[in-house]
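Participant: This is the structure I want to talk about, given as structure tokens.
No value in this document is a laboratory result; all are computed from the given coordinates. Because the structure is a prediction, the values reported are computed rather than measured. Reconstructed Cβ throughout: ideal geometry from the backbone, glycine too, with neighbour counts over all protein chains shown.
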Ligand code: CDP
Ligand code: MG
């Protein structure tokens, strides 16, 4: 079995809405294994590294955000880099000093399943059944009108490389536990559950 890990964070708005238990259940029900968790009020420096000030993060984030705005008829006269820089500043302001639950979940396809469980970035158009599709009234326009970053309830790593960087940034090696879940026999084993004859 491929052991993949993903970084998932329950964001401050979800902590305040007391959704932690419900949201953790979504990942448990998938059979993913929790291997690290901590409640943390991050510093500006940590959030600044999580959403890094480099083109590899700024350009795709800005391009996606522009596409999202255009799809809703919002005209934005900024380059992707300029828009992403604004988004990044909003994120640093929003996250720093507010409790959030940082976690690492492990399993086959953990990164892809993490994204699927969380849903697409704009909660208004995220699929029903995903966290963002089920628990929110948020959209690009709501966030714009309120002049704050979009509240997307849960962060999930966007790729295996992103997951590696985020895990290294948020957790020390000794905080990550290597153990077996009993249910892994059912999820990934073959010798279980037959009626005895
Ligand atoms: O969280 P996700 O990976 O789906 O989206 P992202 O493109 O990596 O953006 C990171 C976060 O920036 C989002 O979850 C939103 O909180 C915020 N964002 C925003 O406030 N406004 C946008 N137009 C795009 C993203
Ligand atoms: Mg992302």
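Participant: Using only the alpha carbons, work out the radius of gyration and Dmax of the range 32-147 in angstrom.
Facilitator: Answer for the range 32-147, Rg first and Dmax second: 15.4, 44 Å.
Participant: For the range 1-86, what is the convex hull volume of its Cα atoms per residue in Å³? Working shown, then result.
Facilitator: Values: hull volume 14.5 nm³, N = 86.
That works out to 169 Å³ per residue.
Participant: While we're here: What's the exposure ranking of 39, 113, going from fewest to most Cβ atoms within 10 Å? Don't skip to the end; give the middle numbers.
Facilitator: Details: 39 11, 113 19.
Ordered from fewest to most neighbouring Cβ atoms within 10 Å, 39, 113 come out as 39, 113.
Participant: Cα centroids of the range 32-71 and the range 150-197: how far apart, whole angstrom?
Facilitator: If we compute the Cα centre of each part, the gap is 20 Å.
Participant: Follow-up question, since we're still on this one. If we sort 141-148, 114-121 on the protection proxy, mean other Cβ atoms within 10 Å, highest first, what's the order?
Facilitator: Values: 141-148: 12.8, 114-121: 20.2.
Output ranking for 141-148, 114-121: 114-121, 141-148.
Participant: Can you put 184, 14, 96 in order of Cβ neighbours within 10 angstrom, beginning with the fewest? Don't jump to the answer; show the numbers that get you there.
Facilitator: Numbers: 184 13, 14 22, 96 16.
Lowest to highest Cβ neighbour count: 184, 96, 14.
Participant: Next question. Given the options 57, 105, 170, which has the most mean-square fluctuation in a GNM of the chain, springs set between C-alpha atoms less than 10 angstrom apart?
Facilitator: Result for the chain, Cα springs under 10 Å: 57 fluctuates most.
Participant: Short version: what are the Cα gyration tensor semi-axes of the chain, square root of 5 times each eigenvalue, largest first, in whole Å?
Facilitator: Numbers: eigenvalues 210, 70, 49 Å².
Taking √(5λ) for each eigenvalue gives 32, 19, 16 Å, largest first.
Participant: Another question, then. So how do 75-84, 158-167 stack up, highest first, on mean other-Cβ count within 10 Å?
Facilitator: Values: 75-84: 14.7, 158-167: 16.4.
Packing proxy ranking, top to bottom: 158-167, 75-84.
Participant: Also, quick follow-up: log₁₀ I(q)/I(0) of the range 90-197 at q = 0.11, 0.21, 0.23 Å⁻¹, via Debye over equal Cα point scatterers, no solvent, to two decimals?
Facilitator: After summing over all Cα pairs, the log10 values are -0.50, -1.25, -1.34.
Participant: May I ask for the Kirkwood hydrodynamic radius of the range 47-97, worked out over all distinct Cα pairs and given in angstroms to one decimal?
Facilitator: 11.2 Å
Participant: Further question: When the helix-only estimate is applied to the chain (DSSP H runs of n ≥ 4, each -39,500 (n - 2.57), divided by the residue count), what is the mean residue ellipticity at 222 nm, nearest 500 deg cm²/dmol? All intermediate terms of the calculation are to be shown ahead of the outcome.
Facilitator: On the way: 10 runs with 91 residues, N = 197.
The helix-only estimate for the chain comes to -13000 deg cm²/dmol at 222 nm.
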